[in-house]
Amino acid sequence: MDILSLCSVLDKLIEDYQVVLHTKANAYNPQLVQERFGQLKSKFMLDDDLHTLQSMKSFIQLYSLLLKEDGILIVENYQSMD
């Protein structure tokens, strides 16, 4: 929860030199992931995309390789298996 308006939060993200937003691309394309992030080692990654089982599996397979040894990978809004 935040007391700032959504526009203010987005503006802060866009202005933050430590945040890089990658939009309008297929985040589950292995070639694209390798080209854009091949050498990246991140401490934190969050999947907030399609919320399908396949997209979550793809996220884990593709992006876990880009984590630092002590990095955290978060998949949110997962669906029940029932």
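The values are calculated or read from the model by the stated rules, or taken from the named source; none is laboratory data. Predicted, not measured: the structure shown is a model, and the values here were computed from it. All Cβ positions, glycine included, derive from the backbone under ideal geometry; neighbour counts span all protein chains shown.
Could you list, in sequence order, the residues of the range 42-71 that are over 13 Å from the mean Cα position of the chain (by Cα) and hydroxyl-bearing (Ser, Thr, Tyr)?
Answer for the range 42-71, where residues must be over 13 Å from the mean Cα position of the chain (by Cα) and hydroxyl-bearing (Ser, Thr, Tyr): just Thr52.
Go through the residues of the range 36-45 one by one and say whether even a single one is more than 22 Å from Lys68 (Cβ to Cβ) and surrounded by 10 or more Cβ atoms within 10 Å (Cβ to Cβ).
For the range 36-45, residues more than 22 Å from Lys68 (Cβ to Cβ) and surrounded by 10 or more Cβ atoms within 10 Å (Cβ to Cβ): absent.
Test Lys43 against the stated conditions and say whether it is more than 15 Å from Asn77 (Cα to Cα) and at pLDDT 90 or above.
yes
Within the set of pairs 6+ apart or on separate chains, which have a first residue in the range 43-54 that is over 17 Å from Ala25 (Cα atoms), a second that is modelled with pLDDT of 85 or more and of a type outside the set (Lys, Arg), and C-beta atoms under 8 Å apart?
What qualifies is Lys43/Leu67; Lys43/Asp70; Lys43/Gly71; Lys43/Ile72; Phe44/Gly71; Phe44/Ile72; Phe44/Ile74.
Starting from residues that are under 19 Å from the mean Cα position of the chain (by Cα) and surrounded by 10 or more Cβ atoms within 10 Å (Cβ to Cβ), keep the ones in the range 1-19 and report whichever is modelled with the lowest pLDDT.
Val9
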